[in-house]
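Comments concern the structure below.
Readers should treat all values here as calculations from the given coordinates under stated rules, not as data from a laboratory. This is a predicted model, so every value here is computed, not measured. Virtual Cβ from ideal backbone geometry, glycine too; neighbours counted across all protein chains shown.
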């Protein structure tokens, strides 16, 4: 079986006005659907970041991929890893962090995210060829269903057009309402709040109200994406010691591993062992032992899309286990192909014991591009389907709709700062720390 054609489908999907320390989500998120067609008649699929940068990365490997045996991924990985290593030699330490650039927009990520998109589509092909789900192809599942968290955002009401189902969420009370809606619909059993948006005292109150409402059976986590200073991070950690205990964590409270190590040291001195997590300061393998040595990070957030594919996430699972660290999973705005890729690799990682992030509740059925519509959640979990590959196929009518929308919109990259200036504050700039 050889790959005969690489087909790229740039699409745009509706995205609500979600807030983070990076700014504001645009009305449409950009995604790329990848198809690998073969001489056997089988087609493998994947979903990755969208826009000019990710598309250019995929176009650059078109010739290398065409004619490739999908079972032989090591050569492509070697080539792209070598190119990435050469580029990293001339990059300042920490250049691959997501402190200032959102996932998919850092040029230093392009080799990892490009390989990931090809690898996932190849694994889908391999699963189809041997009649097995991807999780079983990559070593076998340790769980049949994967748990996800209710991923809460502060958000504005829709600036034009019909309101989305969650409405405006800019205070603790409306955040609880948002959480009730998500839990009622999806059955989530863990809760994550995207912080770094409102005054830290308001976000502290939000976590306390969530704990009062849902109780200690629902672990809580908060992620301000480096919006706080070391002092503020310590204060928030102190104030939320109880709320973030019993399975919760504090994610990327401030910038840099050194900053997070100082927060950890000071909280431990107060007998506060709240674990810290990261997907901003820890983005590739060399970061992991350093984060562990500094005691800056106790939980790493994986992501098959920017860590270089599913098997790299499995390597990360093993590495974090050896180092005594925990593992969770990061998310971006995404559709069902990406969700199933996340689910399959999470099912095959024994050390991934925290509920994964997912933006899936923020996307709509009107944009879904897999046959049969939205992927179902039961009690906050996605079930591994007993179908070969990723277990989903493309709905080409829906895919065409996404391509048409992509052609109509004016932008080709994600720019949360520009959206903030357009809709909220003309003078807004991302400043770290903000508090």
**Alpha carbon centroid spacing (whole Å) that separates the stretch 35-67 from the stretch 342-403** = 20
**378, 280 arranged by Cβ crowding within 10 Å, fewest neighbours leading** = 378, 280
**Fill in**
Subtracting the Cα-Cα distance of residue 270 and residue 171 from 0.36 nm times their residue separation yields 32.7 nm
**Fill in**
Evaluated at 25 °C and 0.890 mPa s, the Stokes-Einstein D of the stretch 136-383 based on the Kirkwood radius over Cα pairs, in µm²/s, stands at 133
**Request:** Pop a pseudo-label 7 angstrom from the Cα along the beta-carbon direction at both residue 1 and residue 142 and give the gap in nm to one decimal.
**Result:** 2.7
**Message:** Tell me the mean residue ellipticity at 222 nm calculated for the chain from its helices only (DSSP H runs of n ≥ 4, each -39500 (n - 2.57), averaged over every residue, nearest 500).
**Reply:** -11500 deg cm²/dmol
**Prompt:** In whole angstrom, how far apart do the alpha carbon centroids of the stretch 205-255 and the stretch 113-188 sit?
**Reply:** 22
**Asked** What is the order of 52, 397, fewest Cβ neighbours within 10 Å to most?
**Response** 397, 52
**Asked** What order do you get for 170-176, 307-313 when each peptide is scored by the mean count of other beta carbon atoms within 10 Å, highest first?
**Response** 307-313, 170-176
**Request:** Describe numerically, in nm with one decimal, the distance between label points set 7 Å from Cα along Cα→Cβ at residue 212 and at residue 424.
**Result:** 2.5
**At R0 = 41 Å, FRET efficiency that the Cβ-Cβ distance of residue 37 and residue 159 yields, to 0.05** = 0.55
**Length gained when the stretch residue 364-residue 412 is fully extended (0.36 nm per residue, less Cα-Cα span)** = 15.2 nm
**Item:** Stokes-Einstein D for the chain, Kirkwood Rh over Cα pairs, 4 °C, 1.567 mPa s (µm²/s)
**Value:** 59
**Asked** For the residues 126, 120, what sequence is obtained by ranking on other C-beta atoms within 10 Å, fewest first?
**Response** 126, 120
**Request:** Take every Cα pair under 8 Å in the chain that's 6+ residues apart, average their separations, divide by the length, and report that relative contact order as a whole percent.
**Result:** 22
**Complete:** For the pair residue 386 and residue 286, the simple spin-label estimate (label points 7 Å beyond Cα toward Cβ) gives in nm 4.7
**Item:** Among beta bridges that DSSP assigns inside the chain, antiparallel share in %, nearest 5
**Value:** 55
